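Just so it is clear, none of the values below were taken in a lab; they were calculated from the coordinates. Since the structure is predicted, the reported quantities are computational estimates derived from the model, not experimental observations. Positions of Cβ are generated from backbone atoms using ideal geometry, with glycine treated the same way; all protein chains shown enter the neighbour counts.
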Amino acid sequence: MAGSRDPVGSITEELELLERHVSILKTVHDNQPIGLIRLSEMTGIPKHKVRYSLKLLEKEGTIRATSEGAVVTDSMDPFMDSLKDHLDDITSEVERIKTML
């Protein structure tokens, strides 16, 4: 259909974005404080995408900016636990949908 969105492609794009955010969050955790350029070098993610992820992670409250670079907050562990639970739920839903095919 002309003009329709590919739902599978959208899901894949969202998962790739989530993977990028998690990769950046874990890299910040393991190397804090860390600056944008170093994060980009360590993850292989372009600076503009790292900057976007940092903004979202800061808005989520899992990292904060300091004069030395990004650091994780006490909210990181609860966020990661919640994300694991959500991913388990999504995995279950995907398996249920696959049985319908």
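Whole-Hz Karplus values for the stretch 76-93 come out as 4, 4, x, 4, 5, 4, 5, 4, 4, 4, 4, 5, 4, 4, 5, 4, 4, 5 Hz, taken residue by residue from phi with 6.51 cos²θ - 1.76 cosθ + 1.60 and θ = phi - 60°; glycine and proline positions read x. Total lysine pairs in the chain at Cα distances under 16 Å, for residues eight or more apart or on different chains: 5. Would you mind checking the tilt of helix 7-31 against the longest principal axis of the Cα atoms of the chain, expressed as 0 to 90 degrees and rounded to 10? Roughly 20 degrees, rounded to the nearest 10.
Rounded to the nearest angstrom and listed largest first, the equivalent-ellipsoid semi-axes of the chain from its Cα gyration tensor are 30, 18, 10.
The calculated 222 nm mean residue ellipticity attributable to helices in the chain amounts to -24000 deg cm²/dmol, summing -39500 (n - 2.57) over DSSP H runs of n ≥ 4 and dividing by all residues. Summing Lys and Arg as +1 and Asp and Glu as -1 over all other residues whose Cβ lies under 12 Å from the Cβ of residue 34 gives a net charge of -1. Which part of the stretch 56-70 falls in the paramagnetic zone of residue 31, meaning amide N under 20 Å from the point 7 Å along Cα-to-beta-carbon? Under 20 Å, as judged by backbone N against the label point of residue 31, lie 56-58, 62-70 of the stretch 56-70. 3J(HN,Hα) along the stretch 46-62, derived from phi through the Karplus expression 6.51 cos²θ - 1.76 cosθ + 1.60 where θ = phi - 60°, amounts to x, 4, 5, 6, 4, 4, 4, 5, 4, 4, 5, 5, 5, 4, 6, x, 8 Hz, with x in place of Gly and Pro.
Restrict the search to the stretch 1-84; then list the trypsin sites (Lys or Arg not before Pro) that DSSP places in a loop and that have at most 15 other Cβ atoms within 10 Å of their Cβ.
For trypsin sites (Lys or Arg not before Pro) across the stretch 1-84 that sit outside H, G, I, E and B with at most 15 neighbouring Cβ atoms in 10 Å, the list reads 5.
For the stretch 11-100, relative contact order (Cα pairs under 8 Å, six or more residues apart, normalised by length) works out to 25 percent.
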